[in-house]
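Below you'll find the structure, written out as structure tokens, and then a few comments.
The values are calculated or read from the model by the stated rules, or taken from the named source; none is laboratory data. All values reported here derive from a predicted model rather than from experimental measurement. Note that we place each Cβ from the backbone using ideal geometry, even for glycine, and neighbour counts take in every protein chain shown. Protein only, heavy atoms only, side chains kept; ligands, DNA and RNA dropped before computing areas. Shrake-Rupley method; radii C 1.70, N 1.55, O 1.52, S 1.80 Å.
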Amino acid sequence: MPKPGFFSTLKGKTVVFIIILSTAALSTLGAMFLHTKHSLLSEFEEERTGIVEHFVIETLKPVMLTGHADIMSSIMESYKRIPDLEGLHIIRTDGVEAFTDGATLGKVNRLLGEEHFRRQLKNPVQVLPPDDPTLAQVVRTEKEKVYSKKTDGGGNITYLMLPIANEPACHGCHGSDHRIRGVLMATFGMTSADRSTLTDISWFFGIAFALLLATAILTYMFITRIMASRVSSIVKQVNTLVANDRFDDRILIDADDEVGQLAIAFNHFISSVELYRVEETKEKERLEKAVFDKTKELREKNTFIEVDLKLASRIQQKLMPEKFPEYPEVDFHAAYIPCLHIGGDYYDVFEMPNRHVGIFMADASGHGSSAALLVSIVKAIVSVMAEHISSPSYIVQLINTTLAKITPDDSFVTLFYGVLDLKTGEMQYSLAGHPPPLVHNRNTGEMTMLQINGGLVGVFDFDKFDDSVYVFKGGDRLVIYTDGIVEACNNGQKLMFGEKKLVEVVKGEKDSSSAEMTAHLLSSLDKFTGGATLADDVTLLVVDFKKQ
Amino acid sequence: MKIATRTVADVTILDLMGNIKSPGDMEDFSKAIEDELGLNHTKLLLNFHEVGFINSSGLGRVVLAAKKVAAKAGVMRVMNLAQDIDDLFTFTRLKEKIGVFKNEKDAVESFR
């Protein structure tokens with residue numbers, strides 16, 4: 001998450017707010033200060049002008065009329081009474097300062113008791129320009145004039161201009177000419193009291209300014225600290241609440257301000273979370289119950305299916321011979337191991353007329369209930385027809401025609417069917433897609449495979465099947481099996497038990513009974529597969545002809 | 001199992017690799033056949049060179065494939081069978097219904 005800029009934070013916004021507020025307040029304060037100062041200056045100027053006018057009219061003018069011999073001393077005496085007189089010039093009508101000789105200035109300074117006039121001029125000084133309009137006005141009108149000018153420092157200087165003319169009392173120093181000869185120009189600044197007042201005002205506003213600024217800073221610190229503290233408190237409460245998984249708790253609301261509103265909003269949020277959790281828990285419980293119920297239902301159905309399959313398995317076992325017919329010439333033994341409860345293998349040995357014995361084995365493709373159903377049909381046909389038809393191939397043909405109509409296209413049955421004449425030892429048989437049975441003579445060790453090629457049963461209804469004949473000798477052992485034996489894989493699923501190993505076991509058990517050989521073969525098979533579950537049904541039927 | 005398809009002349013050759021024994025193998029095989037028939041490829045040659053084992057169910061799928069191809073007026077042949085599988089095709093007489101060849105050249109020629 002990107003870090004927000006300072007002015008996007010609460011603290012930043014507070015700073016901006018206080019800066020704006022402070023600026024407004026300080027601007028107002030500054031404006032008030034300037035206004036007050038201006039008012040005071042105007043007031044001072046008015047007052048000063050009044051004093052000067054009074055001085056000129058009441059004091060200076062009469063003195064001036066007494067004659068210029070005493071003018072200077074009179075002026076100076078008066079001047080002493082006028083505070084804050086900043087300058088005094090007696091200038092001629094052309095603006096040049098009069099009485100610039102050192103003796104006069106020395107006299108003036110002595111009178112003043114201080115060196116107000118330091119200039120020691122040998123040449124006249126141009127105080128005002130010759131065409132100064134104010135000077136010209138005063139000379140022309142012969143009336144005094146008082147006016148103010150702003151100084152470079154921002155203050156006001158009041159000027160007093162008083163026309164000077166030769167009066168009769170002048171003792172004829174200028175003859176009878178009484179024209180205006182010059183002007184007395186005095187300049188006045190503020191009084192020390194005025195300055196003090198202005199300084200006080202400045203101090204007052206300065207202190208007010210500083211106090212306002214300090215107040216703004218303190219306010220900022222106070223607000224941010226208070227807010228930060230309260231927000232931190234909320235964060236701490238939230239963390240504690242989450243860490244302890246206590247969504248039923250609530251955050252303490254200490255005020256109905258923005259931070260309080262935040263706490264209220266969060267409380268609403270955690271209420272929603274708690275509600276959601278409650279709903280989630282209910283939904284979870286509901287789902288768990290549904291799963292439990294479904295599992296129970298499936299278990300019950302599975303139990304039903306298991307029971308059903310066990311029943312089917314028992315029925316299928318009943319389809320196989322419980323015991324074999326007993327004859328002095330031959331001995332039968334069989335093993336059947338379905339890879340599931342019910343299998344697709346089937347074998348039978350049944351008596352036939354004239355000391356004939358029917359020997360049958362079938363294997364439906366695949367395994368399980370569909371395969372079991374197919375071999376049940378095969379069993380039914382054989383049971384009904386074998387008694388009436390002696391030719392094995394004819395029976396196989398009949399089975400093929402029947403199954404071709406009803407089996408799926410990828411399903412078929414392989415089978416072996418032989419009819420053994422016990423009187424002659426001759427067996428007429430048909431082989432349809434089934435692994436070739438082995439005949440091992442235990443006397444000579446000769447191994448024969450009953451090779452006859454017949455198509456898969458139930459695939460093509462037009463298929464034809466043939467009979468073949470084999471005549472058994474004394475000591476022969478006929479081994480009929482399904483592909484579940486030779487196609488059984490080892491644990492690594494790489495090797496198959498195979499026909500070669502089967503032949504080896506059969507040969508190795510020449511002195512064993514059919515039951516012992518069967519047991520040994522199954523044991524070898526189990527050892528080979530490592531006890532793994534069989535991938536296909538395993539069926540073995542052994543027919544031993546007595547050794548002669 | 002894995003199945004690669006290639007064409008020689010107008011014959012589609014399916015190179016089968018692996019055993020044909022599990023339900024998954026059966027599905028792969030059947031789907032490959034269906035796909036080719038869907039493309040109207042009706043001259044199919046199954047190459048068993050890399051097939052080590054086929055069980056009865058697998059054999060049933062081969063039979064089914066042959067039937068489906070025939071239903072589309074097509075021809076299906078097999079080649080390069082291992083000895084065990086060749087024996088299986090022999091004693092089930094499938095050799096009589098499905099042409100079995102020892103090499104690709106003869107097999108492709110047989111479609112002409």
Given the structure, is A:Gln397 within 14 Å of another protein chain (Cβ to nearest Cβ) and open to solvent by 30 Å² or more (accessible area, probe 1.4 Å)? yes
When region A:110-141 is checked residue by residue, the ones that are modelled with pLDDT under 80 and more than 28 Å from A:Phe44 (Cβ to Cβ) are A:Arg110, A:Arg119, A:Gln120, A:Leu121, A:Lys122, A:Asn123, A:Pro124, A:Val125, A:Gln126
Tell me which residues, restricted to region A:14-29, are touching a helix residue (DSSP H, G or I) at 6+ places or on another chain (Cβ under 9 Å) and more than 12 Å from A:Ala210 (Cα to Cα). A:Thr14, A:Val15, A:Val16, A:Phe17, A:Ile18, A:Ile19, A:Leu21
In region A:336-355, what count of residues is obtained for those that are closer than 26 Å to A:Gly474 by Cα, buried (at least 18 other Cβ atoms within 10 Å of the Cβ) and of a type outside the set (Asp, Glu)? 2
As an exercise: evaluate A:Lys405 against (1) open to solvent by 60 Å² or more (accessible area, probe 1.4 Å); (2) within 14 Å of another protein chain (Cβ to nearest Cβ); (3) in contact (Cβ under 8 Å) with a residue 40 or more places away in the chain and give the number of the one condition it does not meet. (2)
Do you know which of the residues in region B:26-49 that are modelled with pLDDT of 90 or more and under 24 Å from B:Phe91 (Cα atoms) is nearest to the other protein chains (Cβ to nearest Cβ)? B:Ser30
Considering only region B:6-21, state which residues are open to solvent by 40 Å² or more (accessible area, probe 1.4 Å) and farther than 20 Å from B:Arg112 by Cα. B:Met17, B:Asn19, B:Lys21
When the residues of region A:408-429 are narrowed to those that are open to solvent by 50 Å² or more (accessible area, probe 1.4 Å) and over 30 Å from B:Gly58 (Cα atoms), which ends up farthest from the other protein chains (Cβ to nearest Cβ)? A:Lys423
Please name all residue pairs, on different chains or six or more residues apart, with Cβ atoms under 6 Å, provided the first residue is in region A:528-540 and is surrounded by fewer than 24 Cβ atoms within 10 Å (Cβ to Cβ) and the second residue is in a loop (DSSP other than H, G, I, E, B). A:Phe528/A:Asn490; A:Phe528/A:Phe497; A:Thr529/A:Ala488; A:Gly530/A:Asn491; A:Ala532/A:Asn491; A:Leu534/A:Cys339
Per-region count, region B:90-108, residues open to solvent by less than 50 Å² (accessible area, probe 1.4 Å), within 13 Å of the chain's Cα centre (by Cα) and at the interface with another protein chain (Cβ under 10 Å from one of its Cβ atoms): 1
Could you tell me which numbered condition A:Ala372 fails, if it satisfies all but one of (1) over 60 Å from the mean Cα position of the chain (by Cα); (2) touching a residue at least 60 places away in the same chain (Cβ under 8 Å); (3) open to solvent by less than 60 Å² (accessible area, probe 1.4 Å)? (1)
In region A:464-501, residue farthest from the other protein chains (Cβ to nearest Cβ) [restricted to those that are part of a helix (DSSP H, G or I) and surrounded by fewer than 21 Cβ atoms within 10 Å (Cβ to Cβ)]: A:Lys501
List, please: which pairs have Cβ atoms under 6 Å, are six or more places apart or on different chains, and start with a residue in region B:50-71 that is more than 9 Å from chain A (Cβ to nearest Cβ) and end with one that is part of a helix (DSSP H, G or I)? B:Ile54/B:Ile85
So B:Thr7 fits all but one of (1) assigned to a helix (DSSP H, G or I); (2) more than 28 Å from A:Ala535 (Cα to Cα); (3) of a type in the set (Ser, Thr, Tyr); what number is the exception? (1)
Selection from region B:37-64 of residues buried (at least 23 other Cβ atoms within 10 Å of the Cβ) and more than 22 Å from A:Glu487 (Cα to Cα) yields B:Leu44, B:Leu45, B:Leu46
Checking A:Thr295 against (1) more than 14 Å from chain B (Cβ to nearest Cβ); (2) open to solvent by less than 90 Å² (accessible area, probe 1.4 Å); (3) not in a helix (DSSP H, G or I), the condition it does not meet: (3)
Filter region A:430-458 for residues that are open to solvent by 10 Å² or more (accessible area, probe 1.4 Å) and touching a strand residue (DSSP E or B) at 6+ places or on another chain (Cβ under 7 Å); which is farthest from the other protein chains (Cβ to nearest Cβ)? A:Arg442
Filter pass, A:Met385 being in contact (Cβ under 8 Å) with a residue 12 or more places away in the chain and either open to solvent by 50 Å² or more (accessible area, probe 1.4 Å) or not assigned by TED's automatic domain parsing to the domain that holds A:His333 (or both): yes
Taking only region B:72-89 into account, find how many residues are open to solvent by less than 10 Å² (accessible area, probe 1.4 Å), away from chain A (no Cβ under 14 Å) and among the β-branched types (Val, Ile, Thr). 1
Counted residues, region A:418-440 - those being part of a loop (DSSP other than H, G, I, E, B) and without any contact (Cβ under 8 Å) to a residue 40 or more places away in the chain: 2
Exception for A:Lys510 within (1) crowded, with 22+ Cβ neighbours inside 10 Å; (2) at pLDDT below 90; (3) charged (D, E, K, R) falls at (1)
